[in-house]
Amino acid sequence: MIKTLFVAVWTAAVLAGASYGASYVMKMQAAKPAEKAQAAAFETRKSRELNVPIIRDGGVKGYVVVQLNYVVDLAIAKTLPTPPEPFVIDETFQYIYGDDKIDFRHLDRVDIGAMTEALIQRVNTRMRANVITDMGVAEFYFLVNSDGSKAKP
């Protein structure tokens, strides 16, 4: 009789401990996604490689090849109807193609910081939100056109 009573008390204690342990583990797991969501509020993305033709004196002098890394605020990006990459690509193309002051034979003299700041501002203005928080340059070089082709009108 005492053995049966002892087994019943032992079973009740194990059941209570397991129930408490399971609820504790469930609460800890429920708290982790909130921490992960705060840590993953930003995401670094890489744009595709972009080739910008440089046309001077009626001919294609070469191509600027550029690839950017940019940081996206995910909370803002979720509210936007389109992703920011097409705007990053378009603004980069317009910036490089339209700037006649850049000496493409000496890209080491280009102010990358000013370029990325201008691109961030232009993309955020077009998207009407501060979705891009930072930008870096992964690739930036000039390929000389060796065939001497002329730009077609």
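Readers should treat all values here as calculations from the given coordinates under stated rules, not as data from a laboratory. Keep in mind that this is a model prediction, so the values were computed, not measured.
Odds and ends about this structure:
- Karplus-derived HN-Hα couplings along region 57-67 (A = 6.51, B = -1.76, C = 1.60, θ = phi - 60°), whole Hz, x at Gly and Pro: 6, x, x, 7, 7, x, 9, 8, 9, 9, 9
- Relative contact order (%) - the chain, alpha-carbon pairs under 8 angstrom, separation at least six: 29
- Considering only alpha-carbon pairs that sit under 8 angstrom and 6 or more positions apart, the relative contact order computed for region 60-133 is 51 percent.
- Of the labelled figures (i) 35, 33, 32; (ii) 106, 33, 28; (iii) 57, 35, 26, only one reflects Cα extents along the principal axes in Å as derived from the coordinates, namely (ii).
- Long-range HN-HN contacts of Gly59 with modeled amide H, under 5 Å: Ala151
- Long-range HN-HN contacts of Asp134 with modeled amide H, under 5 Å: Val71
- Whole-Hz couplings from phi, Karplus 6.51/-1.76/1.60, listed for region 76-82; x for Gly and Pro: 6, 4, 5, 8, 8, x, 10
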